[in-house]
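Report on the structure given below.
Each value in this text was obtained by applying a stated rule to the coordinates, not by laboratory testing. None of these values were measured; they are calculated from a predicted model. Reconstructed Cβ throughout: ideal geometry from the backbone, glycine too, with neighbour counts over all protein chains shown.
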Amino acid sequence: MRALRLEPSLHLGIEAIDRQHGEMVDMINETQALLEAEESGDQLVQILNRFNTLCIDHFSTEEALMREAGYPDLAQHKKLHDGSLERAFGFDAASLGRDKEAGKALLQLLRDWLLAHIHADREMAHFLKAQGIR
Ligand SMILES: [Fe+2]
Ligand SMILES: [Fe+2]
């Protein structure tokens, strides 16, 4: 699987948001490297925990910017965030230590999730930029 890149088409033009999306990309590539090196499941569990922490920070960043800008769909966008956290925390972290396929499933889940997440952020970013937020 090729490493993921935050291509220019995935840049939303809001500095803090793009930076955190970039950190998520790095973490996904780190997950892939761990899987290719057949590292222990413990390291995968650690990365999943770090990814969750980053998501929590990232969602607060976005929600603060939406509040600051008076984004009318804040509640709806926040619901997406809350749903993502529930799903991520619901991932069976314990299975990573036992099962190689679970690591691959995690990688696919994170990649798919991040691309869908960035796509869902586009409208919000558009609004923030219109309010002069960069
Ligand atoms: Fe985001
Ligand atoms: Fe978002």
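Odds and ends about this structure:
- Look at the alpha carbon pairs under 8 Å that are at least 6 residues apart: their mean separation over the length of the chain gives a relative contact order of 40 percent.
- Counting only alpha carbon atoms, the long axis of helix 15-36 and the longest principal axis of the chain meet at about 10°.
- Among residues other than Asp73 with Cβ under 14 Å from its Cβ, the summed charge is 0 (Lys and Arg +1, Asp and Glu -1).
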